[in-house]
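**Q** Have a look at the structure that comes next, please.
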Amino acid sequence: MKGARASRTTIALKLGMALSGIVFLGFVLAHMYGNLKAFAGHDAFNEYAEHLREIGEPMLPHEGLLWILRVGLIAALVVHVYCAVVLWRRAARARTTKYVVKKQTGATRASLLMRWGGLTILLFLVWHLLNFTIGKVNVQGGATNDPYNLLVDTFDVWWLTLIYIVAMLALGAHLHHGIWSAAQTLGWTGTAAKRQRAKTIGFVIALIVSVGFSLVPLGVLAGIITK
C-alpha cells in the first residue's frame, strides 16, 4: 500500500515537471521569436516590446497581460523546481549502494546534467531579469529605458555574451533531455519508433532554441546589430 502510494506520488511529480516544462517551452519559443526582432532594427524591436505591454488594453491595465503571464510562469517555475528537488531526493535515497550507481551510470550522468543544467539556468534567469526586466542594469552606463539599446550595450560586452551563450547551451541540453523525459512521462514513447521520434524532436527543438537565442548576442559582437 505504501509502495503504491509512493509510486502514484512519483508519477504525479513527473507529470508536474512535464506539464510545467511544456509551459516554459512555449514561453521560450515565443521569447526567442521576440529576441530575433533585433535583426529588424531599433524601431521594430522597441515597437514589439511596447506591443507586449499594450496587449489586452483597455480591458486590462497597461502591462496587465504581461503580469498575468509573469505570475503564471513563476507558478510553473515553483512547480518545476519543487518536483525536481523531491524526485532528486527520492532518487538519492534509492541509490543506497555503489553497485547500483555503477549499474545506472548513464541515467546518473543524465540526472546530473539535468540537475546542474537546471541550476545554471535558474541562476541565469535571476541575472537576466535583473539585467533586462526588473533592474534593467546597463553595465556600460547607458540608458535603460530603451530595450534595443540596452540589449546592444549588454551584448557588446564580450563576457556578458559568453555568459549568455553558456546559459543557452545549458538550456539546450536541458531541453534535449527534458523533452524526451516529458514524452516518456506522458506515454508518447510506447514503441521504438515513437522513442526515436521523441529523441529527434527533443534534439531539433534544443538546437533551434540554443542557436536562435545565441544569434542576437553574436550578431551584436559581429557588428550586425548596432545602435
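Coordinate-derived values only; no laboratory data. From a predicted model like this one, the values you see are computed outputs, not experimental measurements. Reconstructed Cβ throughout: ideal geometry from the backbone, glycine too, with neighbour counts over all protein chains shown.
**Q** Note the full-extension length gain between Val126 and Val157 as 0.36 nm times their separation in residues minus their Cα-Cα distance, in nm to one decimal.
**A** Stretched fully, the Val126-Val157 segment lengthens by 9.3 nm.
**Q** Once you have the Kirkwood Rh of region 104-227 from its Cα pairs, apply Stokes-Einstein at 4 °C and 1.567 mPa s and quote D in µm²/s.
**A** In µm²/s, the coefficient rounds to 80.
**Q** For an R0 of 45 angstrom, estimate the FRET efficiency from the Cβ-Cβ distance between Thr9 and Ala49 and round to the nearest 0.05.
**A** The computed FRET efficiency comes out at 0.60.
**Q** For Thr133, what is the net charge nearby, where nearby means another residue's Cβ is under 13 Å from its Cβ and Lys, Arg count +1, Asp, Glu -1?
**A** Spelling it out: positives minus negatives among the neighbours equals +2.
**Q** Taking the number of other C-beta atoms within 10 Å as the exposure measure, put Val220, Val78 in order starting with the fewest.
**A** By the 10 Å Cβ count, ascending, the order reads Val78, Val220.
**Q** Helix 105-128 versus the longest principal axis of the chain: what is the Cα-based angle in degrees, 0 to 90, to the nearest 10?
**A** The answer is roughly 30 degrees.
**Q** Calculated from DSSP H runs of 4 or more alone, at -39500 (n - 2.57) each and per residue, what is the 222 nm mean residue ellipticity of the chain, nearest 500?
**A** Value at 222 nm, helices only: -27000 deg cm²/dmol.
**Q** Now for a different question. On a 0 to 90 degree scale, rounded to 10, what angle separates helix 192-221 from the longest Cα axis of the chain?
**A** Approximately 30 degrees, to the nearest 10.
**Q** May I ask you to derive the relative contact order of region 2-221, considering only C-alpha pairs under 8 Å and at least 6 residues apart, and to give it as an integer percent?
**A** Result for region 2-221 is 26 percent.
**Q** Tell me, what HN-Hα J-couplings in whole Hz come from the Karplus equation 6.51 cos²θ - 1.76 cosθ + 1.60 at θ = phi - 60° for each residue of region 67-72, using x for Gly and Pro?
**A** 5, 4, 5, 4, 5, x
**Q** Quick one: angle between helix 158-185 and the longest Cα principal axis of the chain, in degrees between 0 and 90, rounded to 10, please.
**A** The angle comes out near 40 degrees.
**Q** Sticking with this structure for a sec: Please order Ile224, Ile179, Ile201 by the number of other Cβ within 10 Å, starting at the fewest.
**A** Fewest-to-most Cβ neighbours within 10 Å comes out as Ile224, Ile201, Ile179.
**Q** Rounding to the nearest 20 debye, state how big the charge dipole of the chain is about its Cα centre with +1 on each Lys and Arg Cβ and -1 on each Asp and Glu Cβ.
**A** 2300 debye
**Q** Among Leu122, Leu150, what is the fewest-to-most ranking by other Cβ atoms within 10 Å?
**A** Leu122, Leu150
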